[in-house]
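Heads up, the thing below is written out as structure tokens.
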């Protein structure tokens, strides 16, 4: 954000616009207004699907099919939200999603801190090769392990449990380790010095000196891991078969398939699923943006 | 040279402790890669030679699976669908993402608000967006046809028309370009402002400035977006699975969907694993090609 502010201030500071002849200034102002108008139209277009979910979730079954679209239902059916908790094991879906997401995110954070520290701050033979392997796995398409890992979990007796959905995260996701390593490499070398003089081992240095400085990176990993576990559909679809064990996305899919015409209720359940993600986004927007930018700049 | 000198010295106790800890802390990743990547990939190589429904014991059929998939018309169909979605969809996605990023890079009020709005769809659970877009594309009461009607366009059948279903999926994918946009935006903000101003004083037009200054500096970011988007696009699954199940007339039967159907509906494990390897090879091929061509058009600062 600091860069943007700098850019903005240098632009103001040039003062070239005042000395410029009128037509040019006018042209700029018109271009500016056109840009604003375009952004308003585009912004609204991007919001339409989300507005549609909320709007439909407050309709009666019949109102859904009325043309032209009623964006604001005359009498909002708040009772739809009560109804979905009665006809669907929605509370169980929410609980399952929370279990998988919390355990998965915890694993991603702990493992990426540990492995990232090893790759960023410790010197050991073979480290560069391990880092190359890490970068390679980031590029590998996951589809190739879809069938064999399913068979692996079947042999382990993990099918229809939450284990396949969060245990792999405890062994570190390549992308999260990469993010953490990039962040830790930027920390000043003096951080360890104090600990070394006190005779602290590397484990104590990590948790008492390094980890507390990694707040932003930890937040970024936690948010992305949260989203991946919470939004995951293919995993639950393949591994879970008992209804009461479904996560929210799988539950919504299952319900939509069974009662396809009850759109108002499907949308109410979707709103329940989307709401936490949106709340999280507004609470931690800067970490999102930071994380994506870190990942994007990794390509340089 | 210094490394040679170091190597001759025997490692001290402190150094040995650091080696041990380094390997120890990296071990979760190493174990994870072995158990969840290398192991399954090796096992999958074995699986490819088998005919197995997970009920009766697997049967060795050599390269029979590959013979079967070469003759399977649905393989060609799904490869064609996936290629269409990727090679038509990704350029459009990146163009939209770039245009949005350029618009947001201007000094306008409400930038962060628009950024939020454009990014929100990307974090919406895929199932929820699929359900919503099924409704939006509905020929009778969907929003899209409602809006088109205002402009006098006859109702389009969208997901029910084999000719329009894939373009409909591409249209929907444009809704999720937020991450690519944010990456472009980060790249745009690293373009030195003095350079653009100097060029403007020299009389360069907006277009010239964009092509000669902004684009070269943005090219590594564009390259990254391209590689990641193509890998992701080749593996499209959830939207097609929820919205069409591959129809109409297999028009949206994408590769991963076909792999899923073979593996988890028909329980043809060997066949599904073979299909996965084919897709894997295709993705790796295009990633490799992109890296090979990249030095012709990607400009890295400091690397003259």
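Observations on the model:
- Over region A:149-277, equivalent-ellipsoid semi-axes from the Cα gyration tensor in Å: 41, 19, 10
- Among A:198, A:160, A:128: highest mean-square fluctuation, GNM of chain A, C-alpha pairs under 10 Å: A:198
- Average beta-carbon neighbours from other chains, 10 Å sphere, peptide B:192-199: 2
- The convex hull around the C-alpha trace of chain B, projected and averaged over every direction, spans 25.7 square nanometres.
- Take B:80-90, B:265-275, B:196-206, A:82-92 and order them by the average number of nearby Cβ atoms within 10 Å per residue, most first; the result is B:265-275, B:80-90, A:82-92, B:196-206.
- Listed peptides B:158-164, A:49-55, B:211-217, B:119-125 by packing density, highest first (mean Cβ within 10 Å): B:119-125, A:49-55, B:158-164, B:211-217
- Site pair residue B:27 and residue A:51 shows an inter-label distance of 5.7 nm when each label is modelled 7 Å from Cα along Cα→Cβ.
- Residue A:138/residue A:75 FRET efficiency (R0 56 Å; Cβ-Cβ; nearest 0.05): 0.65
- Prolate/oblate/rounded call for region A:51-210, Cα gyration tensor, a/c under 1.5 rounded: prolate
- Kirkwood-based Rg to Rh ratio, the protein assembly as shown, C-alpha trace: 0.98
- For the options B:291, B:113, B:241, a Gaussian network treatment of chain B with springs between C-alpha atoms closer than 10 Å singles out B:113 as fluctuating the most.
- The protection proxy used here, the mean number of other Cβ atoms lying within 10 Å of each residue, ranks peptides B:103-112, B:23-32, A:266-275 as follows, highest first: A:266-275, B:23-32, B:103-112.
- Averaged over the residues of peptide A:49-62, the number of Cβ atoms from other protein chains lying within 10 Å of each residue's Cβ is 3.
- A helix-only calculation puts chain B at -21500 deg cm²/dmol for mean residue ellipticity at 222 nm, using -39500 (n - 2.57) for each DSSP H run of at least four residues, averaged over all residues.
- Shielding by partners for peptide B:256-267, expressed as the average number of C-beta atoms from other protein chains within 10 Å of each residue's C-beta, is 2.
- Our summary gives chain B a relative contact order of 25 percent, counting only alpha carbon pairs under 8 angstrom and 6 or more residues apart.
- Top of A:111, A:33, A:97 by mean-square fluctuation, Gaussian network on chain A, Cα under 10 Å: A:33
- Region B:118-157-region B:171-241 distance, computed between alpha-carbon centres (Å): 27
- The rule of thumb for compact globular proteins, 2.2 N^0.38 Å, goes into the C-alpha radius of gyration of region B:54-106 2.08 times.
- Share of Cα-Cα pairs in region A:17-77 lying beyond 16 Å, as whole percent: 62
- Spin-label model distance (nm) - residue A:92 vs residue B:207, 7 Å beyond Cα toward Cβ: 6.3
- Kirkwood Rh and Cα Rg combined as Rg over Rh, evaluated for chain A: 1.07
- Point-to-point label distance, residue B:51-residue B:151, nm (Cα→Cβ direction, 7 Å offset): 5.3
Just so you know, all these numbers are worked out from the coordinates, no wet-lab data involved. As the structure is a prediction and not an experimental result, all values here were calculated from the model. Methodologically, a virtual Cβ is constructed for each residue, glycine included, from the backbone with ideal geometry; neighbour enumeration extends over all protein chains shown.
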